[in-house]
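Note sheet for the following structure.
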Amino acid sequence: MTNGLLIVFTGNGKGKTTAALGMAMRAAGHGLKVCCIQFIKGSWQYGELDAIKRFEGLIDLHVMGKGFTWKSENLEEDARLAREGWDLACTAIASGIYHTVVLDEFTYLLHYQMLEIDPCLQILTNRNPNQHVVITGRYAPEQLLAVADLVTEMRAVKHPLQAGIKAQKGIEF
């Protein structure tokens, strides 16, 4: 028996996406179907893309958006892409074919008010009771945290960037 969980990884520390994708790979390792929607990763080339290809048929990955929204020069286009991504997420959640749906960097869409929170929460809380949804990103709104079953806040204590060590393949990307 499965009790579908709404899981949120938030905070200013590193590891939110890594934790969510680890859960996706864990589920796929059990032969369970997963949908990952990355809302603002953009055209960055990072290792997860190649790793997920090894789970073809089990993990469906959709990269939406075109980069980090707060640096955008076209917020209207970003909002349109956010709505497209949310429409895709709603379809994935309602489809009944996914054991787990990962909404990576979804909290930014709520934080920057690209989506209204109440309709999003309605979809998230009225999903199939056996389905897990994993949400990542900084600035998770209190309303989301209140309805979540599991919340982990990543807290930055120390980071190599503070010592001048740049992002490294296999660690940050």
Problem - Inter-probe distance in nm under a simple model that places probes 7 Å from Cα toward Cβ, at Glu172 and Arg54 - result: 2.4 nm
Practice task
Compute the length gained on full extension between Ser95 and Arg138: take 0.36 nm times their separation in residues and subtract their Cα-Cα distance, giving the result in nm to one decimal.
Solution key: 12.7 nm
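Exactly which trypsin sites (Lys or Arg not before Pro) in segment 127-164 are in a DSSP loop and have at most 16 other Cβ atoms within 10 Å? Before the final figure, lay out the partial values.
Numbers: sites: Arg127, Arg138, Arg155, Lys158; in loops: Arg127, Arg138, Arg155, Lys158.
Qualifying residues, ordered by number: Arg138, Arg155, Lys158.
Quick check on my link table: of Lys33/Lys166; Lys14/Lys169; Lys53/Lys166; Lys33/Lys53, which ones sit more than 25 Å apart, alpha carbon to alpha carbon? Write down the numbers at each step before the final one.
On the way: Lys33/Lys166 35 Å; Lys14/Lys169 15 Å; Lys53/Lys166 27 Å; Lys33/Lys53 14 Å.
Correct reply: Lys33/Lys166; Lys53/Lys166.
Add -39500 (n - 2.57) for each DSSP H run of 4 or more in the chain, then divide by its residues: what number comes out at 222 nm, to the nearest 500 deg cm²/dmol? Let's see the in-between values first.
Values: 6 runs with 62 residues, N = 173.
Rounded to the nearest 500, the figure is -10500 deg cm²/dmol.
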Fill in the blank from the handout: Under the 7 Å Cα-to-Cβ spin-label approximation, Val157 and His111 lie apart by a distance in nanometres of 2.2 nm
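For the chain, take N as its residue count and report Rg(C-alpha) divided by 2.2 N^0.38 Å.
Numbers: Rg = 15.6 Å, N = 173, 2.2 N^0.38 = 15.6 Å.
With N residues counted in the chain, Rg over 2.2 N^0.38 Å equals 1.00.
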Handout entry: Farthest toward positive dipole pole in the chain [+1 Lys/Arg, -1 Asp/Glu at C-beta], among Pro160, Tyr112, Thr100
Key = Pro160
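FYI, it's all coordinate maths here, none of it is from the lab. Only a predicted model underlies this, so the values are computations on that prediction, with no experimental measurement involved. No Cβ is skipped: glycine too gets one built from the backbone with ideal geometry, and neighbour counts run over all protein chains shown.
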